Every structure is written in structure tokens, then in C-alpha cells.
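The structure appears right after this line, and notes come after that.
Where a number appears in this text, it was derived from the coordinates with a stated rule and is not lab data. In this text, all values refer to a predicted model and were calculated from it rather than measured experimentally. Note: ideal-geometry Cβ built from the backbone for every residue, glycine included; neighbour counts use all protein chains shown.
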Amino acid sequence: MKIQNIVITAIAPVLTLFTFFTPSANAQYLSDCNVRIVGRERGTRVNLRDGAGTEYSSPSYLLVGQYVNMLNNASGNRISREDSEGYTWYYVEYEPSATRGWLREDFIAPRCS
């Protein structure tokens with residue numbers, strides 16, 4: 001019994017480190033797709049939201065004309081969600097400040113640059 005406790009005590013910190021360095025299923029990765037924020041007038045604010053929908057708070061914003069990076073999941077697919085109104089939202093990162101959030105499809109240029 002003592003040996004079992006000693007082994008468990010010795011292995012537990014190693015297992016903790018292993019899970020720390022293993023990416024989770026919800027990991028986000030930068031992609032090779034940078035897209036321009038579009039809108040009516042250059043410099044206009046576009047909300048970057050905490051979730052995929054207008055009901056989520058907007059702690060930060062981007063400006064029309066700026067570029068963001070589309071984030072991918074561990075499988076290499078874009079991280080996106082559809083809201084109750086049928087809009088698709090993408091999880092993006094503004095690289096200069098590493099700010100991440102959700103941006104609705106109609107504020108994103110249709111092509112990667």
C-alpha cells in the first residue's frame with residue numbers, strides 16, 4: 001500500500017504537466033487567412049463580441065479596413081457558429097494586440113489576403 005501511494009505521489013505531477021502541454025479539443029490556432037473588416041465607411045467601429053450573436057457583450061471593437069486572422073480548431077477548420085437569425089459568426093484574432101472575439105460574416109471581406 002505504501003509503495004502504491006509513493007508511486008501515485010511521484011506520477012501525479014508528471015501527469016499534470018502532460019495535460020498542461022496537451023492542446024484541448026477547443027484549442028484555437030492562427031490560420032493563413034487574414035481578412036479585411038468591411039463596412040460602409042473606413043474607420044467605422046465594428047463590435048468584436050464575446051460570443052456568436054448580438055446578445056453577447058462587446059468588450060472591444062475593430063475598425064473598418066483593419067485585418068484579422070481567422071482562427072482554426074485543432075482539425076484545421078475555421079471556428080464558426082450560426083446564430084438564431086441565421087448569421088454565421090467567425091472566431092478571429094486581431095494580431096497586433098492578440099485580441100480575440102466573434103465577428104459576424106457580413107463584416108468580413110469574402111477572401112483571404
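Peptides 87-97, 72-82 ranked from most to least packed give 87-97, 72-82, packing being the mean of other C-beta atoms within 10 angstrom over each peptide's residues. When region 49-101 is described by a simple charge dipole with +1 on each Lys and Arg Cβ and -1 on each Asp and Glu Cβ, the residue from Gln66, Gly86, Thr54 located farthest towards its positive end is Gln66.
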